[in-house]
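Working notes for the structure below.
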Amino acid sequence: MRKKMVAGNWKMHGNLVQNKQLLDAVIADLNELGEDLVVVCVPYLYLPSVQKQLQNTKIALGAQNVSQHEMGAYTGEISASMLSDFQCQYVIVGHSERRMLFGEDNHVVAKKYVAVQNAGMAPILCVGETLEQREAKVTKQVIEQQLMSVISLAGVESFNKAVIAYEPVWAIGTGKTATPEQAQDVHAFIREEIAKQNLNVANQLTILYGGSVKDNNAPELFAMPDIDGGLIGGASLIANDFIAICRALRH
Ligand code: PEP
């Protein structure tokens, strides 16, 4: 049975007071979670306070980025072992905002993925095409390259301890969601690509969809056979919406 999961990506939002209020509401409502995983990926600075608040809950802690380097003279960077000091279990790598705004290419993303695993945490590897790439009908080639750069550095078995998030760039924060069929098509492709190299790894791999998931479209997206949950940006900042999206995993 594949793990189902919803991960919130707070991006650069929140403050101490707002974070506490948001999580109080989420924790109160989601305490009865079954086997599903709920993760919140918070800005670095709030890891200690959120870690405390999540103690004795079933909600896991995640980060949004990491350095590819283990340690050293990298002013302003945060290493994977620093994240694991704060009981981080998941780290987003290769988010399209990092790729596009901060120049992270496939090679850097693959190195970050390895750094996260070496520190005992699970990467949430984001892949996805831009609008131009979709229109040029190269979506699958783009995603294949994004996957292969990780596989060539870390091996396909590394996906036993990772999560993939398919996030079409044109759907992130735009209000445009991929239709369940469009998303399913790419999710099935991702699983097939992994299956070509290792069927068992592919069968147990959790693949999330991300891109303007809201409480009203989550149920139909999560009902697709290869969609195992979501990576949620904007809607993860609104307690009731995030709770409703997590509950959609069950239906
Ligand atoms: C994201 O940032 O990963 C994301 C999917 O954002 P949104 O849900 O706001 O589109």
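The values are calculated or read from the model by the stated rules, or taken from the named source; none is laboratory data. What you are looking at is a predicted structure, and each value in this text was computed from that prediction instead of being measured. Counting neighbours? That spans all protein chains shown, and the Cβs are built from the backbone with ideal geometry, glycine included. To get the accessible areas, we keep the full protein, side chains included, count just its heavy atoms, and leave off ligands, DNA and RNA. Shrake-Rupley method; radii C 1.70, N 1.55, O 1.52, S 1.80 Å.
Tell me which trypsin sites (Lys or Arg not before Pro) from the range 60-153 have a DSSP coil assignment and no more than 10 other beta carbons within 10 Å of their own.
In loop regions of the range 60-153 (DSSP not H, G, I, E or B), the sparsely surrounded trypsin sites (Lys or Arg not before Pro) are 137.
Would you please state which residues of the range 211-226 a label at residue 238 would reach in this model, taking the label point 7 Å out along Cα→Cβ and a backbone N cut-off of under 13 Å?
Answer for this model: 212-218.
Need the full-extension length gain, residue 78 to residue 148, defined as separation in residues times 0.36 nm minus the C-alpha distance. One decimal, nm.
Extending this stretch completely gives an extra 22.6 nm.
Quick check on the chain: helices-only [θ] at 222 nm, where DSSP H runs of length 4 and up contribute -39,500 (n - 2.57) each and the sum goes over total residues. Nearest 500, please.
So the calculated ellipticity at 222 nm is -12500 deg cm²/dmol.
Could you list which residues have their amide H under 5 Å from that of residue 165, counting only those 5 or more apart in sequence or on another chain, with H placed in the peptide plane?
It is 125, 126, 127, 208, by chain and number.
With a cut-off of at most 13 other beta carbons within 10 Å, and DSSP calling the residue loop, which chymotrypsin sites (Phe, Trp or Tyr not before Pro) in the range 19-89 qualify? Please list them.
Within the range 19-89, the qualifying chymotrypsin sites (Phe, Trp or Tyr not before Pro) (loop, at most 13 other Cβ atoms within 10 Å) are 74.
Hey, which of these cross-link pairs are over 28 Å Cα-Cα: 3/137; 137/161; 3/176; 161/196; 137/176?
Violating the 28 Å limit, Cα to Cα: 3/137; 137/161.
Might you work out the accessible area of residue 90 for me, using a 1.4 Å probe with all protein chains in place, and round it to the nearest 10 Å²?
Here the residue's solvent-accessible area equals roughly 30 Å².
Taking H placed 1.01 Å from N in the peptide plane, check which residues at least 5 places from residue 39 or on another chain put their amide H under 5 Å from its amide H.
Residues meeting the amide H criterion: 6, 7, 8, 60.
Of the heavy-atom accessible surface of the chain (probe 1.4 angstrom), what whole percent is carbon and sulfur?
53
Give the distance, in whole Å, between the Cα centre of the range 111-139 and the Cα centre of the range 33-71.
19
Run the reach check for residue 20 against lysines, Cα to Cα strictly under 23 Å, same-chain hits fewer than 8 apart removed. What comes back?
Cα-Cα hits under 23 Å: 11, 52, 58, 214.
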